Amino acid sequence: MEKVRHSCGCTKKYRLYGPAHSVRRQIEHREAMPCPKCKRAAEEAVFIATCEESALANTEMGLPELTGTAAQVAYAESIRRDGVRDALRMVNSDQEQDVIDTLSKATAAKWWLDNKELMFGAWTAKAKADFTA
Ligand SMILES: [Zn+2]
């Protein structure tokens, strides 16, 4: 087992194989990175920050609150932010409020999660199809 001191300061033992110079390289490669645990934590922190930032941007745009579990809502806010931005890119400024009004009808976080593959004008079209009687 080789002891590696990661860039985050954590030390972790690895079973590394190969000739000495290869093992040395593998150690150096790992030393340059945070340990898997810290890497995951950092990614999660970025994700949470993105979700919070998105929620704020959505509120400022006048979009309603989403319903669903806390985890669903957090993720849906970032999907919604990108979705609304994409949808607005497809229309002239005089149609923007119409797009926002249409997408405001989608208040279930699940709707945004279920449709996360949609792009550009497809968001507005899908919302119109789902919410216009
Ligand atoms: Zn670490």
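The values are calculated or read from the model by the stated rules, or taken from the named source; none is laboratory data. What you see is a predicted model; the values in this text were computed from it and never measured. Glycine also receives a Cβ, built like all others from the backbone with ideal geometry; neighbour counts cover every protein chain displayed.
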Legend entry - Counted residues, segment 4-26 - those being away from the ligand (no atom under 16 Å from the Cβ) and not in a helix (DSSP H, G or I): 5
Inset, instruction - Tell me, please, whether a residue that is at pLDDT below 95 and not hydrophobic (A, V, I, L, M, F, W, C) can be found in segment 45-52. - result: yes
Legend entry - Flag for S22 being under 28 Å from the mean Cα position of the chain (by Cα) and among the hydroxyl-bearing types (S, T, Y): no
Legend entry - Top-ranked residue in segment 95-129 [being aromatic (F, W, Y) and in a helix (DSSP H, G or I); ranked as farthest from E77 (Cα to Cα)]: W123
Legend entry - Number of the exception - T50 against (1) surrounded by 15 or more Cβ atoms within 10 Å (Cβ to Cβ); (2) more than 16 Å from the ligand (Cβ to nearest atom); (3) of a type outside the set (G, A, S); (4) in a loop (DSSP other than H, G, I, E, B): (4)
Legend entry - Residues of segment 27-44 satisfying the condition of being more than 8 Å from the ligand (Cβ to nearest atom) and touching a His at 6+ places or on another chain (Cβ under 7 Å): R30, E31, M33
Legend entry - Top-ranked residue of segment 64-74 - restricted to ones that are touching a strand residue (DSSP E or B) at 6+ places or on another chain (Cβ under 9 Å) and closer than 16 Å to A127 by Cβ, ranked as surrounded by the most Cβ atoms within 10 Å (Cβ to Cβ): L66
Inset, instruction - For segment 54-63, indicate whether the set of residues that are surrounded by 11 or more Cβ atoms within 10 Å (Cβ to Cβ), under 25 Å from L103 (Cβ atoms) and of a type in the set (D, E) is non-empty. - result: no
Inset, instruction - Kindly indicate whether T102 is surrounded by 15 or more Cβ atoms within 10 Å (Cβ to Cβ), farther than 23 Å from D130 by Cα and away from the ligand (no atom under 16 Å from the Cβ). - result: no
Legend entry - Counted residues, segment 75-96 - those being over 20 Å from E44 (Cβ atoms) and either of a type in the set (G, A, S) or surrounded by fewer than 12 Cβ atoms within 10 Å (Cβ to Cβ) (or both): 6
